[in-house]
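Taken together, the values in this text are just the output of simple stated rules run on the coordinates, not laboratory data. Every value quoted in this text rests on a predicted model; they were computed, and no experiment measured them. Cβ atoms come from the backbone with ideal geometry, glycine included; neighbour counts cover every protein chain shown.
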Amino acid sequence: AYAVGGYDGQSYLSNVEVYDSFSNRWTEVAPLKEAVSSPAVASCAGRLFVIGGEPDESSCTDKVQCYDPETNNWLLRSNVPVCKRNITAVSLNSLVYVCGGLNKCIYCYDPAQDFWMPVVNIFSRQ
């Protein structure tokens, strides 16, 4: 399990910690490239994806930050098509799905291709 970013009441955080259930300890790993609060977070293909969120109190970001635990390094990947906060992400069949926020679309991210695509407008008529 990971604890990623956040807001401490004064500043936005780039801290990242990983929990080891065997030792019952939290360990700090490399910080995010961009401090963010309330992002969507999903694990997929052996990496951790931190998607969107709030870099400050008046905006949201479209950045996708990807953590590789093997190298303890963060990379920026293709931006999510719409700036999003208050979203959730889930990994299924080697893809990451993002929904929620202030629009009605579900987006799918393919980490192997570094490519985003809209899946469905959840309020469209079929």
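Would you mind giving the average projected area, over all directions, of the Cα convex hull of the range 2-121 in nm² with one decimal?
So the Cα hull casts an average projection of 7.7 nm².
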Can you give the longest run of the chain that contains no chymotrypsin sites (Phe, Trp or Tyr not before Pro) sitting in a DSSP loop with at most 16 other Cβ atoms inside 10 Å?
23-122
